Structure formats: C-alpha cells, structure tokens
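Read the structure below first, then the notes.
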Amino acid sequence: MVPSSTEPPAAVATAIIFFALLSFAASAVAQGRSAFDAIYCLGDSITDTGNLIREGLGPFGAINRLPYGETYFRMPTGRCSDGRLMIDFISQRFRLPFLNAYLDKNASFAHGVNFAVAGATALGASYLESGAGITMPFARSSLNVQLDWFETHLASSLCSSSPEQCRAKLASALFFVGEIGGNDYNYAFFQGKSIADATVLVPRIVETIRDAAIRVIQHRARHLIVPCNFPIGCVPSYLTAFRSTNPADYDKRGCLGRYNEFVEVHNGQLQGMLQSLRTQFPYVRIQYADYYNAALHLLDNAANLGFDVNTRFQACCGAGGDYNFDPRRMCGVTGTSACPYPSKHLSWDGIHMTENAYRHMVASLFAGNLIEDVR
C-alpha cells in the first residue's frame, strides 16, 4: 500500500508491526492475570463500539442493521465491521470484558470506557468548516469532545468518591489515543480537496493529538498507545473514487501511491511528535502503533493468512465495480449484499476491515512485532 520508492525497509516489512505493548504484559496474561485494570479509548470507527448509533447516525444508519455484526455478535452493535474490532481482541487478550460505549448510560464501566465515535475527526468541526472549507457530514464528536466526555466521566463517576483510588486506577490503565485524524483527511479528499490542501492540515492534526495525549497524562495516565493512520491508497473506497487510467499512479501492489505517500507524511510527523513527548514525560510509557505497516503485511501475506488474494481490494459487503464499492449503494442498504465468507476478505464494507483482518492485525501486535516504544 505504499509506492515502491518509499517502501519500508525489508526488516520492517518482515517484522511488520512494532507492537511490544508493555514488557510485563505478555507474562501477565500468560499467568492468567491482566496487565491492565482498564482500557480507555479515544478514536473513530476503527474503535467505536456503539457511540455513533446512540449519538445519531445521520446518513450512516446502515451500521445499525445487519449484515453489520453478523459474524460474532449475530446482530448490529454499532461496530463498523462484520464482528469484532481490534479493541475487542485487545480486551480479550488482557482478559477484560469488551469496552462499552460511553453513551450507553446503562453499561458498566468498571474495566474502562470507549469514547471513540465513528466518523470523528481530530480537529473540531468549527475549524474544519470555517478554516478548511470541509463540511462535516455527520459525527461532530471530535477528539476534544471525547476528552470532555472522559473528564466528565472522571468527575461524575470514577473519581467522585476516592481520588486516591482514581489515580491508582488510571495509572494502571491502558489508554488509546487514536487512531484519529483519518476522517479529517477522508472528508477533505472526498469533498474534492487536493493532497496539497490536506497536507496543510497535517501539523495541526498532529498537534491536536499531542495535546490530547498531554491531557490524559495530566490525569495520571501512564501507559499510552498512539496509533498511526492506515494506507488509504489500498482501500476500496479510495481505489474507486480516485481510480486512474495512468498505470504510474499505482504502486506494485495495486494501491494509489500518492495517497499512501500522503499518509506517510502524517505518520512521520506523528512519530516525531511522540519522540518529543516521550522526552517531555519520561515517566510515561508512550508507544507508537504502526497500523500502516500492519495493514501492508496483511495485503502482502494474504494467501498465507488464509485470505483470498483475488479479493484483497474488494469489499465483502457492497455492490458494483472492480472493488465492489459504490458510495451510492454502501453496505447495509437495499441492493447490496455481504459475501458468503467474510473471513476470506480483508475489507468489510470498502472502508473498514473484516473481523478476521482485525484479528490478524492484533495477532501481529502481540507477536511483539508492531508497537514500538518512542524513545
């Protein structure tokens, strides 16, 4: 999913994801105990377990209908996949329950909270609309809104009775700050903005992620994972919308090279920011999760991992075209259908991955290959 001129080194492509979580995590799980007492998540549809369906779906009501959720839950849950997401597999690895969505007010939050909202942006809606000329189609719960929810949760529930217990719980929790920022770029590109236009947003988005990380650190967070963005040039929705008759626009994998190069700019600036943040807070474990190369690994090793290589770029659920994706007939609406074997596909709906793809991403992470410490 990256042009050959900017491919990662062979060692990186082989090892794939630098996800070494915490040094004690693997041994803790092996001993039958959890390395963390709770998990708290900020992010978008990669992580949302039900906030958007409670906030208001707008044009994306289909995610609250089958076939979403068909594989594991046998019903839609607000997850943008056929089943579990990466955060679900991570919770299971740490012997914790699935994280409930913050907006599910009847849920238990004893083991953490999921604040992520499908469609959420890093930048606030007011800036995107007035400063960048980007229309927000639905979700307006940006990263700062999610942080406000987090602080409300602390004040009204977690920290309302015993500040000392609250500090201890947060210090022993795992925090995901992202993946976030992908939708800022998605909205820009799909509304006709150029790569040059989107590149102007990168420093501000990275700065917003930095500020979010600092904000949770100030609440005694001591274990942070900050994921990067995916190789969007390999995603069916991008391959459909920006298809080209010029072979030079595609890399050797068949992905749109210039869009992956753009993501590398974002990811590079994110890594640089995290290096600085680690120096500023040496007592905090800050880790960079390389979702970009994790996704490339799945694409490059599809056959060995049990996926159908002929459908690597095709949505399982959709309708029409070379990539089985049509923005006018997206998964879940009349005239679309899901493939009989989602586990053979990498892409679920042309935007998000299948449960099996997410399963393999997490397996790579826990193999010790794909989350790196930022030193």
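Report yes if Ala303 is over 23 Å from Ile209 (Cβ atoms) and of a type outside the set (Asp, Glu), otherwise no. Yes. With respect to the conditions (1) without any contact (Cβ under 8 Å) to a residue 24 or more places away in the chain; (2) charged (D, E, K, R); (3) closer than 24 Å to Asn144 by Cα, Arg215 falls short on a single one, namely (1).
Residues are listed down the side, and each one gets a yes or a no for (1) modelled with pLDDT of 95 or more; (2) of a type outside the set (A, V, I, L, M):
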residue	(1), (2)
Val117	yes, no
Ala120	yes, no
Thr135	no, yes
Arg140	no, yes
Gln146	yes, yes
Phe150	yes, yes
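Could you say whether any residue in region 335-350 is touching a helix residue (DSSP H, G or I) at 6+ places or on another chain (Cβ under 6 Å), surrounded by fewer than 20 Cβ atoms within 10 Å (Cβ to Cβ) and at pLDDT 95 or above? Taking every residue of region 335-350 in turn, at least one turns out to be touching a helix residue (DSSP H, G or I) at 6+ places or on another chain (Cβ under 6 Å), surrounded by fewer than 20 Cβ atoms within 10 Å (Cβ to Cβ) and at pLDDT 95 or above.
When the residues of region 71-93 are narrowed to those that are without any contact (Cβ under 8 Å) to a residue 24 or more places away in the chain and part of a loop (DSSP other than H, G, I, E, B), which ends up nearest to Ser45 (Cα to Cα)? Of everything passing the filter in region 71-93, Pro76 is nearest to Ser45 (Cα to Cα).
Restricting attention to region 316-350, the residues being assigned to a loop (DSSP other than H, G, I, E, B), closer than 20 Å to Cys255 by Cβ and touching a strand residue (DSSP E or B) at 6+ places or on another chain (Cβ under 8 Å) number 10. Scanning region 179-227 for residues that are over 30 Å from Ser160 (Cβ atoms), of a type outside the set (Gly, Ala, Ser), under 16 Å from the mean Cα position of the chain (by Cα) and not in a helix (DSSP H, G or I) turns up Glu179, Pro227.
If you go through region 160-178 one residue at a time, do you hit one that is part of a loop (DSSP other than H, G, I, E, B) and at positive phi? It would help to see each step written out before you state the result.
First pass over region 160-178, keeping only residues part of a loop (DSSP other than H, G, I, E, B): 160-162, 172, 178.
Pick out the ones that are also at positive phi and you get 178.
Yes.
If you check Tyr292, Tyr288, which single one turns out to be crowded, with 21+ Cβ neighbours inside 10 Å, in a helix (DSSP H, G or I) and under 19 Å from the mean Cα position of the chain (by Cα)? Result of the check over Tyr292, Tyr288: Tyr292.
Within region 197-209, how many residues are surrounded by 18 or more Cβ atoms within 10 Å (Cβ to Cβ) and either of a type in the set (Asp, Glu) or touching a His at 6+ places or on another chain (Cβ under 6 Å) (or both)? Let's see the steps before the verdict.
Step one: filter region 197-209 for residues surrounded by 18 or more Cβ atoms within 10 Å (Cβ to Cβ), giving 198, 201-202, 205-206, 208-209.
Those left that are additionally either of a type in the set (Asp, Glu) or touching a His at 6+ places or on another chain (Cβ under 6 Å) (or both): 202.
Looking only at that region, the number is 1.
Residues of region 334-351 that are within 15 Å of Leu85 (Cα to Cα) and among the charged types (D, E, K, R): Asp349 alone. The set of residues in region 318-340 that are among the β-branched types (Val, Ile, Thr) and without any contact (Cβ under 8 Å) to a residue 24 or more places away in the chain comprises Thr334, Thr336. Does Thr245 satisfy the criteria of being surrounded by fewer than 18 Cβ atoms within 10 Å (Cβ to Cβ), among the hydroxyl-bearing types (Ser, Thr, Tyr), in contact (Cβ under 8 Å) with a residue 40 or more places away in the chain and more than 30 Å from Arg167 (Cβ to Cβ)? Against the criterion (surrounded by fewer than 18 Cβ atoms within 10 Å (Cβ to Cβ), among the hydroxyl-bearing types (Ser, Thr, Tyr), in contact (Cβ under 8 Å) with a residue 40 or more places away in the chain and more than 30 Å from Arg167 (Cβ to Cβ)), Thr245 does not qualify. The single condition among (1) surrounded by fewer than 20 Cβ atoms within 10 Å (Cβ to Cβ); (2) more than 27 Å from Leu299 (Cα to Cα); (3) at pLDDT 95 or above; (4) not acidic (Asp, Glu) that Ser194 does not meet is (2). Hey, does region 248-257 have a residue that's surrounded by fewer than 23 Cβ atoms within 10 Å (Cβ to Cβ), charged (D, E, K, R), under 17 Å from the mean Cα position of the chain (by Cα) and part of a helix (DSSP H, G or I)? No. Residues in region 148-201 that are within 13 Å of Ala132 (Cβ to Cβ) and in contact with a Pro (Cβ under 6 Å, 6 or more places away or on another chain): none.
Taking region 97-135, which residues are of a type in the set (Val, Ile, Thr), over 27 Å from Ser172 (Cα atoms) and in contact (Cβ under 8 Å) with a residue 60 or more places away in the chain? Let's see the steps before the verdict.
Of region 97-135, the ones of a type in the set (Val, Ile, Thr) are 113, 117, 121, 134-135.
Narrowing the set further to residues that are over 27 Å from Ser172 (Cα atoms) leaves 121, 134-135.
Within region 97-135, just Thr121 meets the criteria.
Taking Ala101 as the residue in question, decide whether it is within 27 Å of Phe190 (Cα to Cα) and not polar (S, T, N, Q). No. Considering the conditions (1) buried (at least 23 other Cβ atoms within 10 Å of the Cβ); (2) in contact with a Gly (Cβ under 8 Å, 6 or more places away or on another chain), Asp184 is excluded by exactly one of them, (2).
The values are calculated or read from the model by the stated rules, or taken from the named source; none is laboratory data. All values reported here derive from a predicted model rather than from experimental measurement. Here Cβ is always computed from backbone atoms with ideal geometry, including for glycine, and neighbour counts include all displayed protein chains.
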